[in-house]
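For reference, the structure is listed below as structure tokens.
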Amino acid sequence: MKYQPVIGLEVHVQLLTDTKIFCGCSTKFGAEPNSQTCPVCLGLPGALPVLNKKVVEFAIKAGLSTNCSITPRSIFARKNYFYPDLPKGYQISQFEDPICQRGWLDIKVEGEEPKRIGITRIHMEEDAGKLVHGESSLNDGSGVDLNRACTPLLEVVSEPDLRSSDEAVVYLKQLHQIVTWLGICDGNMEEGSFRCDANVSVMPVGSDTLGTRAEIKNVNSFKFVKQAIEYEIQRQIDLVEDGGTVVQETRLFDPNSGKTRSMRSKEEAHDYRYFPDPDLVPLVISDEWVERSRRELPELPEQRQQRFIDELGLTPYDAEVLTASRALADYFEAGVAAHGNAKAVGNWIMGEITRALNDSGTSVEACPITPGQLAELLKLIDNGTISGKIAKTVFDEMWKSGKTPQSIVEEQGLVQVSDSSAIESIIDEIMAANAGQVEEYRGGKEKVFGFFVGQVMKASKGKANPSVVNELLLSKLKG
């Protein structure tokens, strides 16, 4: 390529607090428009903001988990701009002294060497409201829903260290995993709880001078982030190649067309006329508070992956899959504690459990099969009571009925047949009915063996012990 993309991400993380950042209104999603408001979040004259301590605690945890330094004394600022869904005419944010600074995340794109992505800052701020178009009772016009106004956000600003859409998506997924793992954000991208602004520019390969950037605003899925960045890179390259100039602007991504389009010219910091908010005192965070927060941090995803590899003997791939969420990792560990074989438990979670969760749209927290019940099922396989194939039938019934695996096996008569004489009689009948295939096998066509195994299992309704079947079949087919 003649051009090198340069990408930085600004990620808005909506915090999982019960109330807003500067007032006591609920943050619950989906309520009637303007039903979760008060004089503070409506920006009424004389209303004073009061900082929600839980927001600060969540910000500190996010900073520590992304290798940031926690600022001992941070301040809130007013970011001044006009927009119909911003009732005060300014947004309370942080500018010169954000709560978290100078962090990083290590990412790994498949087939490439690990790379460190710098995090410039993480700051606290309030969200704006929401414009609602075409849903008003007044001539299908536009309305303003201020339920979201004053909802607590963290803005995580990366350094412009990303060089491809793949790197951007890996970084974004890793950040998403961390904030959901910590329990400070629900990560729901469709509801806007985790959304991204992507700053994209291109420069000639080998150059140290950054190109003019365009900001793609409020992209709310990993797929769309990748598409938007790739389109914007190519748009800017085509523009430069044709002798044009990239304009610094804010753009929107249209998922239907796969293109970005201009929204407005991009503001600089001085355009917002930042100044310290006179209604909020500086926030002082003691070393003791930081250390207490550090002690309260859970084992983070990368740490847990490494422990699963070192202590349980999992492959790096399996460890990564089983730590996709904290709830999944907890489920896996509980299953291992009840059964003992980490590989067997992991395989069933990555296979049948994941399939059933996806098919039913169920979260692992609401899984109808407990880790203990999964362990019971695996023990029935281990002791030869049922075969692996029958176990899948039992699993499906457990999922639907909530019954224990033992009771299902007993009720449906699914106990595995290991009696050699019973299996031998089935084999004799099948060989007699398929004399041609017997001769083919004895003539050297050993692939026919699979045919006989299938016929025996079918005749036994899947109950025959596979190892006994294989042993007897080999003996009899060889004559």
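List of remarks:
- Per-residue ³J(HN,Hα) for the range 301-316, Karplus 6.51 cos²θ - 1.76 cosθ + 1.60, θ = phi - 60°, Hz, x for Gly and Pro: x, 5, 5, 5, 4, 5, 5, 4, 5, 6, 9, 9, x, 6, 6, x
- With neighbours defined as other Cβ atoms within 10 Å of a residue's Cβ, the residues S401, S460 order from fewest to most as S401, S460.
- The Cα center of the range 133-200 and the Cα center of the range 6-39 differ in position by 11 Å.
- In loop segments of the range 1-60 as defined by DSSP, the chymotrypsin sites (Phe, Trp or Tyr not before Pro) with at most 16 further C-beta atoms inside 10 Å of their C-beta are F29.
- Whole-number D in µm²/s for the range 1-150 (Stokes-Einstein; Kirkwood sum over Cα pairs; 37 °C, 0.692 mPa s): 186
- A straight chain from K389 to S69 at 0.36 nm per residue would run longer than the Cα-Cα distance by 109.9 nm.
- Loop-located GluC sites (Glu not before Pro) in the range 120-201 (DSSP state not H, G, I, E or B) with no more than 14 neighbouring Cβ atoms inside 10 Å: E135, E190, E191.
- Estimated FRET transfer efficiency (A337, K476; beta-carbon r; R0 45 Å; 0.05): 0.55
- C-alpha center-to-center spacing [the range 455-474, the range 340-417] in angstrom: 22
- Local electrostatic count, C68, Cβ distance below 9 Å [Lys/Arg +1, Asp/Glu -1]: +2
- The range 119-241: C-alpha gyration tensor shape, a/c 1.5 cut-off, then a/b vs b/c: oblate
- R0 of 25 Å, Cβ-Cβ distance E268-K130: FRET efficiency to nearest 0.05: 0.45
- Taking every C-alpha pair closer than 8 Å and separated by at least 6 residues, the mean separation divided by the residue count of the range 3-289 gives a relative contact order of 24 percent.
- Straight Cα distances below 30 angstrom link K392 to the lysines K343, K379, K400, K403, K447, K458, K461, K463, K476, with same-chain residues fewer than 8 positions distant left out.
- Within the chain, the cysteines lacking any other cysteine Cβ closer than 4.7 Å to their own Cβ are C23, C25, C38, C185, C196, C367.
- The range 433-447 - phi-based ³J(HN,Hα) in whole Hz, Karplus 6.51/-1.76/1.60, Gly and Pro as x: 7, 9, 4, x, 5, 4, 5, 4, 5, 5, x, x, 8, 6, 4
- Distance (nanometres) between label positions extended 7 Å along Cα→Cβ at D359 and C38: 4.8
- FRET efficiency, 1/(1 + (r/R0)^6) with R0 51 Å, evaluated for Q306 and A422 via beta carbons: 0.55
- Within the shell defined by Cβ-Cβ distances under 14 Å, the residues around P282 carry a net charge of -3, with Lys and Arg each +1 and Asp and Glu each -1.
- Relative contact order %, the chain, counting alpha carbon pairs below 8 Å whose residues are six or more apart: 13
- Cα-based helix-to-principal-axis angle, 448-459 vs the chain, degrees rounded to 10: 90
- Full-extension gain in nm, K458 to D330, via 0.36 nm per residue minus C-alpha separation: 42.3 nm
Laboratory data are not the source of any read-out in this text; all were calculated from the coordinates shown. All figures in this text were calculated on a predicted structure; none of them were measured in a lab. Backbone-built Cβ (ideal geometry, glycine too); neighbour counts: all protein chains shown.
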